[in-house]
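FYI, it's all coordinate maths here, none of it is from the lab. Here the structure is a predicted model, which means the values were calculated and not measured. Cβ placement follows ideal geometry from the backbone for every residue including glycine, while neighbour counts extend to all protein chains displayed.
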Amino acid sequence: MFAEYTRSVWDAVIGQPRAVEQLTRAAVAPVHAYLFVGPPGSTKHEAARAFSALLLTGVDDADSRDARLALAGEHPDVREVERTGARISKEQVSDIIRNASLAPIEGSRKVMVLHEFHLLESEGAARLLKTIEEPPPSTVFLVLADQVPPELVTIASRCVRIEFSSIAEASIRDVLVGEGISLEMATLASSAAEGNLTRARVLAVDPGLMERRAAFAGIPFRLDGTGSTVAALCTELNSLIEAAAAPLAARQADEATTLEARVAAVGERGSGRKALEERHKRELRRHRVDELRSGMAVVAGTYRDALVSGRAQRPEAAIHAVQRVHQSLESLDRNPNEMLLLQALLLDLPSMPAV
């Protein structure tokens, strides 16, 4: 007879055994601030909630009342801060400082979870430094960032750094299958997600995924050196990307409808309308960028496969193409116009003969 499985606060943290081990030990005698660094979809957000639950309760019991609330992002002593604009402004930093100074509502400890802090303005970083360096004894900061830009270096030096890595493809596939996704679709989604579990969950229920991957994979065979072909390809790809955003747009519409109903019932004050609109814009942009990253990786794979199989008639051109794609992938981090970036890339890529 098998023993009944006891849920852990760490169940939603996938493929990060070292981080879980570090944080489990740290919860015994926590310091004032931790910096979680890792790519999007590496479950560092889930780890922040799990660590918060452990800090509040002292035990790994996901079914306790405090843990359930912390894991759901609803505990009054766990304050999660999302940016409201393109970057985290000095005004938002002032609000963080004020909230950090307030006493816990229910217990003896408060946790401040600061999301996307790689987008912190330099002026805001200077203002926040002292608070993170010397917060009230009851406050613990969890600072989450995709990477550590110059604006974050000084704050990073005041935190215990916890590294998160991209999740292995097999681990993502197993999670998706466990959530009821077919093995075929889970395998395809985990391959396309590039280590991002959040994106993999979206792709796993996306009926257009195979069509988009095929469209990107076929680009090198359709290029002919003309701007008209590049323009047509970009229009086609843009339409596929926009169609893939339909489920996200539907969910956002539902959220907006719920908000409007609440505003009608209780009034506009404190409704969070602006924050919701800004979050929706960020989600749509991230969707576009993720789609382009995934698609560009498929294009690079087409040229690499040609090199490996010996089908590349001009190996040096195929090598240049792979390098050029990776340059464009790096450029996506600098907030470019995505379609202009794609057009410039396709104009510079060599054509390949049809197989």
_Between helix 315-331 and the chain, what is the angle of the helix's C-alpha long axis to the longest principal axis, kept within 0 to 90° and rounded to the nearest 10?_
30
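To the nearest 0.05, how large is the calculated FRET efficiency for R18 and S239 if R₀ is 45 Å and r is the Cβ-Cβ distance? Walk me through the numbers before you get to the answer.
Numbers: r = 42 Å, r/R0 = 0.94.
E(calc), rounded to 0.05, equals 0.60.
What Kirkwood hydrodynamic radius, in Å, does the chain give when the mean of 1/r is taken over all pairs of distinct Cα atoms and then inverted? Spell out each step's value before the answer.
On the way: mean 1/r = 0.0443 Å⁻¹.
Its Kirkwood hydrodynamic radius stands at 22.6 Å.
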*Which FRET efficiency value, to the nearest 0.05, is calculated for F221 and A103 with the Förster distance at 56 angstrom and r the Cβ-Cβ distance?*
0.30
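Could you compute the net charge surrounding R98? Neighbours are other residues with a C-beta less than 15 Å from the C-beta of R98; K and R count +1, D and E count -1. Write down the numbers at each step before the final one.
Values: positive: R79, K90, K110, R127, K130; negative: E91, D95.
Net charge around R98: +3.
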*Using amide H atoms built 1.01 Å from N in the peptide plane, name the residues 5+ places from V9, or on other chains, whose amide H lies under 5 Å from its own.*
D61, A62
_Please list, short to long, the whole-number percent of alpha-carbon pairs of the stretch 17-163 in consecutive 10 angstrom bins beginning at zero._
12, 46, 36, 7, 0
*What list of ³J(HN,Hα) couplings, whole Hz, do you get for the stretch 47-54 from phi and the Karplus terms 6.51, -1.76, 1.60, once you set θ to phi - 60° and write x for glycine and proline?*
5, 5, 5, 5, 5, 4, 4, 5
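Evaluate the relative contact order of the chain (contact order divided by residue number), counting alpha-carbon pairs under 8 angstrom at least 6 apart; express in whole percent. Walk me through the numbers before you get to the answer.
Working: 470 pairs, mean separation 57.8, N = 355.
16 percent.
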*Relative contact order (percent) for the stretch 1-141, with alpha-carbon contacts under 8 angstrom and 6 or more residues of separation?*
26
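Given a Förster radius of 45 Å and the C-beta distance between D254 and A317 as r, what FRET efficiency does 1/(1 + (r/R0)^6) yield to the nearest 0.05?
On the way: r = 48 Å, r/R0 = 1.06.
After rounding, the FRET efficiency stands at 0.40.
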*Quick one: helix 122-133 against the long Cα principal axis of the chain, what's the angle to the nearest 10°, folded into 0 to 90?*
40
*Residues of the stretch 55-89 with amide nitrogen under 15 Å from the 7 Å Cα-to-Cβ point of A265?*
none
*Could I have the simple spin-label model distance between D333 and R7, label points 7 Å from Cα toward Cβ, reported in nm to one decimal?*
3.7
*When the chain is treated as a GNM, springs tying every alpha-carbon pair under 10 Å, which of A125, A300, A317 comes out with the largest mean-square fluctuation?*
A317
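Based on the Kirkwood radius over alpha-carbon pairs, what is the Stokes-Einstein translational diffusion coefficient of the stretch 1-64 at 25 °C with 0.890 mPa s viscosity, in µm²/s? Could the numbers behind the result be given before it?
Values: Rh = 12.5 Å.
This corresponds to a translational diffusion coefficient of 196 µm²/s.
For the stretch 206-348, report the convex hull volume of the alpha-carbon atoms normalised per residue, in Å³, without decimals. Before the final figure, lay out each step's value.
Numbers: hull volume 15.9 nm³, N = 143.
In the stretch 206-348, the Cα hull volume divided by residue count equals 111 Å³.
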*Work out, step by step, the length gained on full extension between L183 and L347: first 0.36 nm times the residue separation, then minus their alpha carbon distance; give nm to one decimal.*
55.3 nm
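For D174 and S122 in one chain, what is 0.36 nm times their gap in residues minus the Cα-Cα distance, to one decimal in nm? Mind dumping the intermediate values first?
On the way: separation 52, 0.36 × 52 = 18.72 nm, distance 4.05 nm.
Value of the extension gain: 14.7 nm.
May I ask for the net charge around H118, where only other residues with Cβ less than 9 Å from the Cβ of H118 are counted and Lys, Arg are +1 while Asp, Glu are -1? Before the final figure, lay out each step's value.
On the way: positive: none; negative: E116, D146, E151.
In short, -3.
Report, in deg cm²/dmol and to the nearest 500, the calculated mean residue ellipticity at 222 nm for the chain, where each DSSP H run with n ≥ 4 adds -39500 (n - 2.57) and the sum is divided by the residue count.
On the way: 16 runs with 205 residues, N = 355.
Helix contribution divided over all residues of the chain: -18000 deg cm²/dmol.
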_Loop by DSSP (not H, G, I, E, B), at most 13 other beta-carbon atoms within 10 Å: where is the longest site-free stretch of the chain for GluC sites (Glu not before Pro)?_
180-267
